[in-house]
Amino acid sequence: MQGKHFLAFDLGASSGRAILGTLQNEKLELTEIHRFENQMQQINGHFFWNIFSLFSELKTGLKKCIQEHGIQPDSIGVDTWGVDFVHLNREGMIISLPFAYRDSRTDTAMEDLFKEIPAEEVYSQTGIQFMQFNSLFQLFSMVKEKSSLLDITDKVLFMPDALNYLFSGKAVTERTIASTSQLLVPGEMKWQHPLIEKAGIPASILTDLVEPGTIIGSLKEEIGKETGSKAVPVIAVAGHDTASAIASVPAEGDDFAYISSGTWSLMGIESPQPFVSAQSLEMNYTNEGGVEGTTRFLKNIMGMWLIQECRRAWMDEKDYSWDEMVQLAQEAEPFKYLINPDDSSFLNPGNMPEAIKAFCRKTGQEEPESHAAIIRCVYDSLALKYRFTLEQLRKISQKPISCIHIIGGGANNRFLNQLTADATGMKVIAGPAEATATGNILVQAKALGALASLREMRKVVRNSFPVEEFQPQAQLNWDKAYRRFKQL
Ligand code: LFR
């Protein structure tokens, strides 16, 4: 049988890729066609994404697939990070660069909104973890400042929806990416209208919701001419990168927790229904939408961002590879310094090593001086945060959890995988590293009828990619470190 070809565009906060997936005999093969950098652009004191250059890179990816690899994909699909959106005017033109979620415009938006709508009410209506950058707060900050941009906005589209729109001309909102906005009814494909109205956000700027796996249109003729592609289906995959990643957890049953490990670590469980309670509010957990109507009950943990930003800060002094950074951590003394990775001072501090030192000072610790000590502090603290999160997940969900699947680029970090197993006392199963692109591709395959269900998608993942297991080892005193961690 001739394989089917699906082209995934997978955009992250630091890079984007076009990945070709070839599905044949229940096995998937991936080929990286194109890779490019992505970075927030600081302009006039604000941070933005350059959607136009990103779109141009995606077209380059499609062109290369056809012209250099000689493969016409059967469909295309886009996934990106969550919450950010573009503005369209009445003529359907993109009228501003989209703000990046780490921009400071929402620094006080949560307190401001809670003065008008109590936090409990917002949570019970959305079931989403409070983070100042959620689309709800981004839009509310524009309402508050009487933004003229909002005045001339006819529609907003989240990043993957906006790119789908540029490819196909169809403006719709895919459910998983919409769920990151904090504007949906938990567990349902429905905008939370009472909240939207109360926050003063014009409901008319929101477009119709579609399920992941919907064929929303076909590639525009002009893009066909530019790239040499046929008018293939443009598929709304699970547009939220984390939802795509979780769709490719290589599990057979459902008694697992996952950590989707990249710029963020998204740690949680998959559930048939949302958990929205006083307890989940207190612990600040999210209920985002997954593939096939599942709920991704999870916690955003600051993740590799801490490491990426240290690397960037040290760049002039030394251009470390990721492996070199792990090496340094391995040689450093364990548990000497601990941080809470999710402290708000780490969201976008400009100079991450300085922010880490300041946190240590503030919490009565000495300052980590060497690069090695700082990196070790981040890894130890992440592993301890995973333990803490696992305990909370168990408490809220009452669900049996027998292992932790680590997926995404961070699954290649064998050192952190082992620390995670040690800190949590659980078996860790690492891989696939290309989880996001894989989930994107498999949802396309399902949309075109090549696969029947999420279960089948996961079987393909198991057939296609090796995983590595890490068993907990009790060499260090994690309990003692954990007690200190919880005091922070
Ligand atoms: C990961 C991610 C997270 C989301 C964060 C911001 O890439 O999509 O799931 O909370 O980025 O959008």
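Every number in this text was worked out from the coordinates using simple rules, so none of it is lab data. Quick caveat: nothing in here was measured; it's all calculated off a predicted structure. Glycine also receives a Cβ, built like all others from the backbone with ideal geometry; neighbour counts cover every protein chain displayed.
Observations, loosely collected:
- Theoretical ellipticity at 222 nm over the chain - DSSP helices of four or more residues, -39500 (n - 2.57) apiece, nearest 500: -11500 deg cm²/dmol
- With the convex hull drawn around the C-alpha atoms of the chain, the volume per residue stands at 139 Å³.
- Radius, Kirkwood style, for the range 11-120 when every pair of distinct Cα atoms is counted (Å): 16.8
- Potential extension, residue 467-residue 370 segment - 0.36 nm per residue separation minus Cα distance: 31.6 nm
- The alpha carbon centroids of the range 1-39 and the range 373-419 are separated by 27 Å.
- When the alpha-carbon atoms of the range 200-270 are used, the pair Rg, Dmax equals 17.4, 48 angstrom.
- Calculated FRET efficiency, residue 252 to residue 394, Cβ-Cβ distance, R0 = 22 Å: about 0.60 to the nearest 0.05.
- Residue-span extension gain [residue 89 to residue 2] - 0.36 nm each, minus C-alpha spacing: 26.9 nm
- Cβ-derived FRET efficiency at R0 22 Å, residue 486 paired with residue 327, nearest 0.05: 0.15
- Efficiency of FRET from Cβ geometry, residue 477 and residue 315, R₀ 35 Å, rounded to 0.05: 0.50
- Applied to the range 26-37, the Karplus parametrisation 6.51 cos²θ - 1.76 cosθ + 1.60 on θ = phi - 60° returns per-residue 3J(HN,Hα) values of 6, 10, 10, 10, 10, 10, 7, 9, 7, 9, 8, 7 Hz, with x for Gly and Pro.
- Each residue of the range 144-152 was assigned a 3J(HN,Hα) from its phi angle through the Karplus curve 6.51 cos²θ - 1.76 cosθ + 1.60 (θ = phi - 60°); the sequence is 4, 8, 6, 4, 6, 5, 5, 4, 9 Hz, with glycine and proline shown as x.
- Pair residue 402, residue 104: separation of 7 Å Cα→Cβ label points (nm): 5.0
- Amide H contacts of residue 405 (H built 1.01 Å from N, under 5 Å, at least 5 apart or other chain): 257, 258, 259, 429
- Virtual spin-label span in nm between residue 193 and residue 336, 7 Å along Cα→Cβ: 6.0
- Contour minus Cα-Cα distance for residue 72 and residue 151 (0.36 nm per residue): 24.3 nm
- Counting only Cα atoms, the range 290-448 measures 52, 35, 27 Å along its principal axes, largest extent leading.
- Calculated SAXS-style log₁₀ I(q)/I(0) at q = 0.14, 0.21, 0.22 Å⁻¹ - the range 377-488, Debye, Cα scatterers: -0.66, -1.12, -1.18
- Cross-link pairs beyond the 25 Å C-alpha cut-off, checked among 4/225; 27/299; 155/190; 299/395; 4/59: 27/299
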